[in-house]
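Written out below as structure tokens is the structure these notes cover.
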Amino acid sequence: MRLVWCPERPDARPRRQRIDALLRQVLAPLADAAPAALVFGRERKGRPFLRPEPTPDFNLTDTGGGSLIAICRHGRVGVDIERHDRQLPVARLAARWFAAEEAQALAALDAEAARVAFLRLWTAKEASCKATGTGIFGYLPRWQFEVTETAPIARAVPDDAGAPERWRFLRLAPSPEHTAVVAMRDANFVRVNGYTLSD
């Protein structure tokens, strides 16, 4: 698996154009094609992929401070990133998006511990949803993780995501200000190569 961290730089282009150009720059060498020649398709719920298949699977996450791209040649991959300092109404969001057991476990923590744990859970859940391509609606509560663990440990996965043993999860910090999770399905051997995109 390859991870590419792209620190945020001044760019006047609309976000969609910026992300498209970034993906083309990173994926073109792996597809042995010019960036402009890459052709993208979309799955039923919008998850992008490269045509023609088979090509490496990829996923991108973007937040204030930069973008992270995960690429794997075998299996499926999803990635999500958040800033460590993000302030959120944890109790309200957990009650809406998480399993009841997770929301209760968060409620038992002090405010700062709950905020940190929420961000860890959210990134693990969203990365998993992005790997399967389902989107988050109706699926975030079905992905359940240990609340107080730093590394993602799955307690339950949706039936249509495949057997739990097919999944691997990795937490990483692409910068001191960010936390991210990579979710991988059917990645039999995981060797992570990380890169920072330079000008």
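Remark: pairs (first residue in the range 76-98, closer than 17 Å to Phe169 by Cβ and without any contact (Cβ under 8 Å) to a residue 60 or more places away in the chain; second residue of a type outside the set (Lys, Arg) and surrounded by 14 or more Cβ atoms within 10 Å (Cβ to Cβ); Cβ separation under 7 Å; 6+ apart in sequence or on different chains) = Phe98/Leu121; Phe98/Leu140; Phe98/Pro141. Among the residues of the range 1-50, the ones that are touching a residue at least 60 places away in the same chain (Cβ under 8 Å), farther than 28 Å from Pro176 by Cα and surrounded by 11 or more Cβ atoms within 10 Å (Cβ to Cβ) come to 3 in all.
Scanning the range 92-137 for residues that are hydroxyl-bearing (Ser, Thr, Tyr) and either assigned to a helix (DSSP H, G or I) or crowded, with 24+ Cβ neighbours inside 10 Å (or both) yields Thr123, Ser128, Thr132. Scanning the range 138-150 for residues that are part of a helix (DSSP H, G or I) and buried (at least 18 other Cβ atoms within 10 Å of the Cβ) turns up at least one hit. Checking each residue of the range 44-55 against the condition of being small (Gly, Ala, Ser) and farther than 22 Å from Gly135 by Cβ gives no match.
Checked against the criterion of being within 22 Å of Thr63 (Cα to Cα), more than 12 Å from the chain's Cα centre (by Cα) and charged (D, E, K, R), the range 107-115 has at least one qualifying residue.
Close Cβ contacts (under 8 Å, 6 or more residues apart or on different chains) running from residues in the range 121-149 that are closer than 14 Å to Arg185 by Cβ to residues that are among the basic types (Lys, Arg) and part of a loop (DSSP other than H, G, I, E, B) comprise Lys130/Arg47; Gly133/Arg44; Gly133/Lys45; Gly133/Arg47; Thr134/Lys45.
From the residues in the range 163-174 that are free of Cβ contacts under 8 Å to residues at least 24 places away in the same chain and assigned to a loop (DSSP other than H, G, I, E, B), which one is farthest from Val116 (Cα to Cα)? Out of the qualifying residues, it is Ala163.
When the residues of the range 51-70 are filtered to those that are of a type in the set (A, V, I, L, M, F, W, C) and over 19 Å from Ala36 (Cα atoms), the one that is surrounded by the most Cβ atoms within 10 Å (Cβ to Cβ) is Ala70. Exactly one residue among Pro52, Pro7, Pro14 is within 26 Å of Ala187 (Cα to Cα) and more than 13 Å from the chain's Cα centre (by Cα), and that residue is Pro52.
Of Ala151, Ala117, all but one fail to be of a type in the set (A, V, I, L, M) and modelled with pLDDT of 95 or more; the exception is Ala117.
Of the listed requirements (1) farther than 26 Å from Arg15 by Cα; (2) surrounded by fewer than 22 Cβ atoms within 10 Å (Cβ to Cβ); (3) within 16 Å of the chain's Cα centre (by Cα); (4) not basic (Lys, Arg), Ala156 misses just one: (3).
The values are calculated or read from the model by the stated rules, or taken from the named source; none is laboratory data. Remember, predicted model here, so these are calculated numbers, not experimental data. Positions of Cβ are generated from backbone atoms using ideal geometry, with glycine treated the same way; all protein chains shown enter the neighbour counts.
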